[in-house]
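The values are calculated or read from the model by the stated rules, or taken from the named source; none is laboratory data. The model shown is predicted, which means the values in this text are computed figures rather than measured ones. For neighbour counting, all protein chains shown are included, and Cβ atoms are generated from backbone atoms with ideal geometry for every residue, glycine included. Surface accessibility is based on the protein's heavy atoms, side chains included, excluding ligands, DNA and RNA. Shrake-Rupley method; radii C 1.70, N 1.55, O 1.52, S 1.80 Å.
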Amino acid sequence: MKKALTVLLVLLLAGSLFAAGASEAAATASENDSPLVAAAKAEGELIVYGSCEEPYLAAACAKFEEMYGIKTVFQRLSTGEVQAKIEEERGNPSADVWFGGTTDPYNVLAAEGFLEPYQAENASHITKSVYKDSEGRWYGIYTGILGIMYNKDEVARLGVDIPQDFADLTDPQYKGLIWTSNYNTAGTAKLIINTVVQKYGHDEGIKYLVDLDKNIHVYTKSGSGPSKNVGTGECVIGLGFLHDGIYQVVDNGYDNIGLVIPSSGTTCEIGATAIFKGAKHPNAAKLWIEFALSPDCVNLAKENGSYQFLVIDNAEQPEIAYEFGLDPSNVIDYDFADATANIKRYVSEVMDALAASGAATGDQTRFQIK
């Protein structure tokens, strides 16, 4: 009995020493935290809406949780869906931060007062002023080129030409062969509208989209939707970001996909990150912005099928994008101010013009919303 009591006392003493050691280690770790990290940890949670592709989004959220011990919950939504959700919630957002997706919807929410300004320390690594909002309401993390993808086998089988420019896509030979994204739901589609308006002028740009509609088979909910169907041949020609095409070739083995940078010039997206006004975890949100502008985050992109060019100077560029001939400097001078001020009106005008031309804009099989 005495021996058993002695063993029990030894075990209790060892447990106490272990607990004391663990508490001391935790205290030391806490002491080493910056004020922002400590405040973010105290909040204990972060909710992320992501508009990049889900593998990259998931990897970034997992890395943030691993680095800081902050529970990180994410949901993948198209940029149009996030914009609509935040506008509806009107300053009481159901998420803290936005990660990825084209900046046209970010600029709209910023102008409406739904993004929180934050002066990020890591923004000093952003390479060009165009890659960030002047008031710190969003910061760029990557850039990608808008272009044309096509299925080599189907193009050959059908005997149609490989389109070399946006203007080519209205040719009747492509009737029913083209996929693009829904102007109401996808940031990519909004960039397409702004691109053609800026290239051709307002009236001619909308006329172009009406003419293009005659050859469109499907408008997908997400901007990456067309790229996901080119390799299978269901989509013969797709409009979208060329890094999505690279993913289909490299990661999914569809070496029958060809990529075209439009010959008369194109635009590039700036994929961004931002804090929602009224975020429930404001310090964790600020820490996320610092994280998103660091190699710890952006270098995960190419490891998870996202081959966009990175816009911070201490990151590792995805060499494979250069191997496919992409060049992020080979783009037109995009008018962000016009895009921000007018994109809602442009979307409405395009949809009205399509309806007036006889397009079945209410057909959710063609104009997909889910």
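Scan region 30-43 and tell me whether some residue there is at pLDDT below 95, over 18 Å from F291 (Cα atoms) and open to solvent by 50 Å² or more (accessible area, probe 1.4 Å).
Kept after step one, since they are at pLDDT below 95, are these residues of region 30-43: 30-33.
So of that shortlist, the ones also over 18 Å from F291 (Cα atoms) come out as 30-31.
Then keep just the ones that are open to solvent by 50 Å² or more (accessible area, probe 1.4 Å); that gives 30-31.
Yes: one or more hits.
Within region 179-203, being outside any helix (DSSP H, G or I) and either hydroxyl-bearing (S, T, Y) or surrounded by fewer than 20 Cβ atoms within 10 Å (Cβ to Cβ) (or both) holds for T180, S181, Y183, T185, G201.
Restricting attention to region 314-329 and to residues that are assigned to a loop (DSSP other than H, G, I, E, B) and aliphatic (A, V, I, L, M), the residue that is modelled with the lowest pLDDT turns out to be L326.
Look at region 50-78 and say how many of its residues are in a helix (DSSP H, G or I), open to solvent by 10 Å² or more (accessible area, probe 1.4 Å) and touching a strand residue (DSSP E or B) at 6+ places or on another chain (Cβ under 6 Å). So that I can check it myself, show each step before the final result.
Step one: filter region 50-78 for residues in a helix (DSSP H, G or I), giving 54-68.
Narrowing the set further to residues that are open to solvent by 10 Å² or more (accessible area, probe 1.4 Å) leaves 54-55, 58-59, 62-63, 65-68.
In the following step, the residues that additionally are touching a strand residue (DSSP E or B) at 6+ places or on another chain (Cβ under 6 Å) were identified as 54, 65.
Adding up the residues that qualify gives 2.
Answer with yes or no whether I206 is on the phi < 0 side of the Ramachandran plot and either part of a strand (DSSP E or B) or crowded, with 23+ Cβ neighbours inside 10 Å (or both). No: the conditions fail for I206. Out of curiosity, is Y346 at pLDDT 95 or above, farther than 30 Å from L36 by Cβ, out of contact with any Pro (no Cβ under 8 Å at 6 or more places or on another chain) and among the aromatic types (F, W, Y)? So Y346 fits the description; yes.
When G80 is tested against (1) over 20 Å from the mean Cα position of the chain (by Cα); (2) at pLDDT below 95, just one condition goes unmet, and that condition is (1). Identify the residue in region 252-297 that is modelled with pLDDT of 95 or more and of a type in the set (D, E, K, R) and, among all such residues, is nearest to N229 (Cα to Cα). Filtering region 252-297 for residues that are modelled with pLDDT of 95 or more and of a type in the set (D, E, K, R), the one nearest to N229 (Cα to Cα) comes out as D255. Only residues that are of a type outside the set (S, T, Y), part of a loop (DSSP other than H, G, I, E, B) and either under 22 Å from I193 (Cβ atoms) or free of Cβ contacts under 8 Å to residues at least 24 places away in the same chain (or both) were counted in region 221-254, giving 8. Would you check if there is a residue in region 237-248 being surrounded by fewer than 20 Cβ atoms within 10 Å (Cβ to Cβ) and of a type outside the set (S, T, Y)? No, the conditions are met nowhere in region 237-248. From the list K344, K370, K286, which one is in contact (Cβ under 8 Å) with a residue 24 or more places away in the chain, part of a loop (DSSP other than H, G, I, E, B) and open to solvent by 10 Å² or more (accessible area, probe 1.4 Å)? Exactly one residue qualifies, and that residue is K370.
Among the listed residues A123, A156, A167, which satisfies the condition of being part of a helix (DSSP H, G or I), open to solvent by less than 70 Å² (accessible area, probe 1.4 Å) and either free of Cβ contacts under 8 Å to residues at least 40 places away in the same chain or closer than 30 Å to A301 by Cα (or both)?
Values: A156 fails: open to solvent by less than 70 Å² (accessible area, probe 1.4 Å); A167 fails: either free of Cβ contacts under 8 Å to residues at least 40 places away in the same chain or closer than 30 Å to A301 by Cα (or both).
Exactly one of A123, A156, A167 is part of a helix (DSSP H, G or I), open to solvent by less than 70 Å² (accessible area, probe 1.4 Å) and either free of Cβ contacts under 8 Å to residues at least 40 places away in the same chain or closer than 30 Å to A301 by Cα (or both), namely A123.
Looking at G233, is it surrounded by fewer than 24 Cβ atoms within 10 Å (Cβ to Cβ) and in contact with a Lys or Arg (Cβ under 6 Å, 6 or more places away or on another chain)? It is false that G233 is surrounded by fewer than 24 Cβ atoms within 10 Å (Cβ to Cβ) and in contact with a Lys or Arg (Cβ under 6 Å, 6 or more places away or on another chain).
What about T79, is it touching a residue at least 12 places away in the same chain (Cβ under 8 Å) and touching a Ser or Thr at 6+ places or on another chain (Cβ under 9 Å)? Judged against the criteria, T79 is a match.
For the condition over 19 Å from the mean Cα position of the chain (by Cα) and either touching a residue at least 40 places away in the same chain (Cβ under 8 Å) or surrounded by fewer than 14 Cβ atoms within 10 Å (Cβ to Cβ) (or both), E135 qualifies.
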